[in-house]
Amino acid sequence: MLSRVADALYWMNRYVERAENYARFLDVNFNLSLEMPPGGTEQWKPVIVTTGDYNLYESTHDNVDKTSVIHFLGFDENNPNSIYNSICNARENARAIRPDITREVWEQINSLYYHVREGVNKKQWEKHDPRNYFLEVKKSCQLLYGIFDSTISRTEGYHFGKIGQLIERADKTSRVLDVKYHMLLPSVEEVGSPLDLVQWASLLKSVSAYDMYRKKRGKLSPLFISEFLIFDKEFPRSMMNCLEEAEESLQAITGSSQGYANMAEKRLGRLKSNLEYADIEEVFNVGLHEYLDNFQLELNEVSNAIYLTFFSWDNFSNQTQTTNQ
């Protein structure tokens, strides 16, 4: 497979996953703001921190308020990671490889593009209640996942797309967990309070984990919720599950089943092993923030290794020269 095509499939799915996650965060946080007790402070800054875009937001905005955050993360054409730009970038990647995807995938991503463009034109962020807009973004992204899974042959292209989706998903799950633990509560005294429990419930809802967590654990507990989102091998948005499925797709591409054949497999395998041989008590002893921060750094290394192994022209040139010698 051409590295150009593989790169486009990887980033097409990664951008779609990013857009869906942003829609989740905004929808859930809007609901949370409605559930705040009288006089409570709405928590919009953590949403921006979750996405990793706070420095950019701070450079262009004086205050953190609901309307500004919704516009910045959902519609801002100057924010490269906004829902609007993520879908535009996903569509551009899809357009560049139109012969390599199915008509159904192209039609759905095109439909999603026109939906978000209409949202910008109609200034949906100024609406009193924009939740229906974000619900449609989530549903459209999820429909695209289903179409991709049911119409794309399980070739290298399919697996590159899945790897992009899963790496983005693992990153966002780690970020939303990290931000809740450190930023949402105004004081240590409120740990375990009704407000604390409402926020933990909203965290689970932001990654569509509430029902599955309650079925498995029942009681809301920071320790159990953290364990579920980091280590659970059955929940599709847990960090562990994302890495396991990404490794399976990577091995399907390279044909290896033991050890590693390249730096991408080495980095991903090592990160997955770090999770496999850890437990939640160890994580809390180290510090949840420190553990998740290190996870995000190592996940970035995995992403860089995938680029250098499969997409970099320099790497391809070096491999060609080695073959010709």
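The values are calculated or read from the model by the stated rules, or taken from the named source; none is laboratory data. Because the structure is a prediction, the values reported are computed rather than measured. Virtual Cβ from ideal backbone geometry, glycine too; neighbours counted across all protein chains shown.
Residue 261 fulfils the conditions (1) touching a helix residue (DSSP H, G or I) at 6+ places or on another chain (Cβ under 6 Å); (2) among the small types (Gly, Ala, Ser); (3) at pLDDT 95 or above except for a single criterion, (3). Take the residues of region 51-64 that are surrounded by 13 or more Cβ atoms within 10 Å (Cβ to Cβ) and part of a loop (DSSP other than H, G, I, E, B): which is nearest to the chain's Cα centre (by Cα)? In this case the residue turns out to be 52.
Here the helices (runs of 4 or more DSSP H) wholly within region 98-188 that include at least 2 residues being free of Cβ contacts under 8 Å to residues at least 24 places away in the same chain and surrounded by fewer than 18 Cβ atoms within 10 Å (Cβ to Cβ) are 103-121, 131-151. Count of region 252-306 residues, restricted to those that are closer than 16 Å to residue 170 by Cβ and in a loop (DSSP other than H, G, I, E, B), is 1. The residue of region 217-249 that is nearest to residue 292 (Cα to Cα), among those that are over 18 Å from the mean Cα position of the chain (by Cα) and not in a helix (DSSP H, G or I), is 221. In region 7-21, what residues are of a type outside the set (A, V, I, L, M, F, W, C) and closer than 16 Å to residue 170 by Cβ? 10, 13, 14, 15, 17, 18, 20, 21, listed by residue number. Within region 77-90, residues that are not assigned by TED's automatic domain parsing to the domain that holds residue 114 reach no partner that is surrounded by 22 or more Cβ atoms within 10 Å (Cβ to Cβ) and of a type in the set (D, E, K, R) with beta carbons closer than 7 Å at six or more positions or on different chains. Hey, does region 104-111 have a residue that's over 27 Å from residue 151 (Cα atoms) and among the charged types (D, E, K, R)? For region 104-111, residues over 27 Å from residue 151 (Cα atoms) and among the charged types (D, E, K, R): absent. Here is the figure for region 289-306: residues that are in contact with a Phe, Trp or Tyr (Cβ under 9 Å, 6 or more places away or on another chain) and at pLDDT 90 or above total 3.
Of the residues 17, 35, only one is acidic (Asp, Glu), closer than 30 Å to residue 198 by Cβ and at pLDDT 95 or above; which? Only one candidate qualifies: 17.
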